[in-house]
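Visitor: One structure is given below, represented as structure tokens, and several questions about it will come after.
Where a number appears in this text, it was derived from the coordinates with a stated rule and is not lab data. Since the model is a prediction, treat every value here as computed from it, not as a measurement. Cβ placement follows ideal geometry from the backbone for every residue including glycine, while neighbour counts extend to all protein chains displayed.
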Amino acid sequence: MRYYIPMFAGLYNAMRPVTETILRLLSGAALMVHGWPKITNPFGATDMVAQLGFVPAGFWSVALSVTEFGGGLLLFIGLFTRLAALGTFIILAVAAYTHGIVWQQGWSGAESVLIWAAVNLYFVARGGGRYSLDGYRGKEI
């Protein structure tokens with residue numbers, strides 16, 4: 001990469017792993033907070049997933065709960081980051097569709113979920129980074 005102001009190259013390169021870590025930590029924490037009510041009541045979303053056409057609804061409610069909370073935890077610690085980010089990206093993509101199209105909230109209903117989905121897609125592509133358990137172990141999926 002060539003920079004318009006080359007003297008900042010060292011700063012940018014030093015900041016990259018730190019900013020990726022902050023983004024991963026925030027995304028994981030937000031997913032855990034959002035998933036906490038679901039993981040404490042895994043069948044609580046059964047009616048919602050049934051309305052969206054997911055069958056059997058009980059299974060998909062539990063899968064949503066585990067993926068949202070567990071995926072957030074894995075993202076937070078940076079373990080199996082790509083797999084966790086893929087699962088959470090899929091959930092967020094469905095949520096964006098649900099808010100934007102099914103519930104007819106349009107862009108305003110889907111905007112934050114789309115941004116959050118994009119963050120998780122980033123970690124599907126990039127992995128956990130230097131300051132993650134994946135990075136510490138030297139292995140990634």
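Visitor: Are any residues in the stretch 4-27 out of contact with any Gly (no Cβ under 9 Å at 6 or more places or on another chain), surrounded by 10 or more Cβ atoms within 10 Å (Cβ to Cβ) and of a type in the set (Ser, Thr, Tyr), and if so, which ones?
Guide: Tyr12, Thr19 - these are the residues of the stretch 4-27 that are out of contact with any Gly (no Cβ under 9 Å at 6 or more places or on another chain), surrounded by 10 or more Cβ atoms within 10 Å (Cβ to Cβ) and of a type in the set (Ser, Thr, Tyr).
Visitor: Just to verify a result, which residue in the stretch 37-48, among those that are surrounded by fewer than 18 Cβ atoms within 10 Å (Cβ to Cβ) and not aliphatic (A, V, I, L, M), is farthest from the chain's Cα centre (by Cα)? Let's see the steps before the verdict.
Guide: At the first step, the residues of the stretch 37-48 found to be surrounded by fewer than 18 Cβ atoms within 10 Å (Cβ to Cβ) are 37, 40-44, 47-48.
Next, only the ones that are not aliphatic (A, V, I, L, M) stay: 37, 40-44, 47.
Numbers: Pro37: 17, Thr40: 19, Asn41: 20, Pro42: 19, Phe43: 21, Gly44: 21, Asp47: 23 Å.
Residue satisfying both the conditions and the ranking: Asp47.
Visitor: Could I ask something else about it? Which fully enclosed helices (runs of 4 or more DSSP H) of the stretch 49-127 have 2 or more residues being surrounded by fewer than 20 Cβ atoms within 10 Å (Cβ to Cβ) and charged (D, E, K, R)? So that I can check it myself, show each step before the final result.
Guide: Working: elements: 57-77, 81-97, 106-126.
Filter on the stretch 49-127 gives 106-126.
Visitor: Select from the stretch 99-141 the residues that are free of Cβ contacts under 8 Å to residues at least 40 places away in the same chain and in contact with a Phe, Trp or Tyr (Cβ under 6 Å, 6 or more places away or on another chain) and write down the one among them that is nearest to Val49 (Cα to Cα).
Guide: Only one residue fits best here, namely Ala117.
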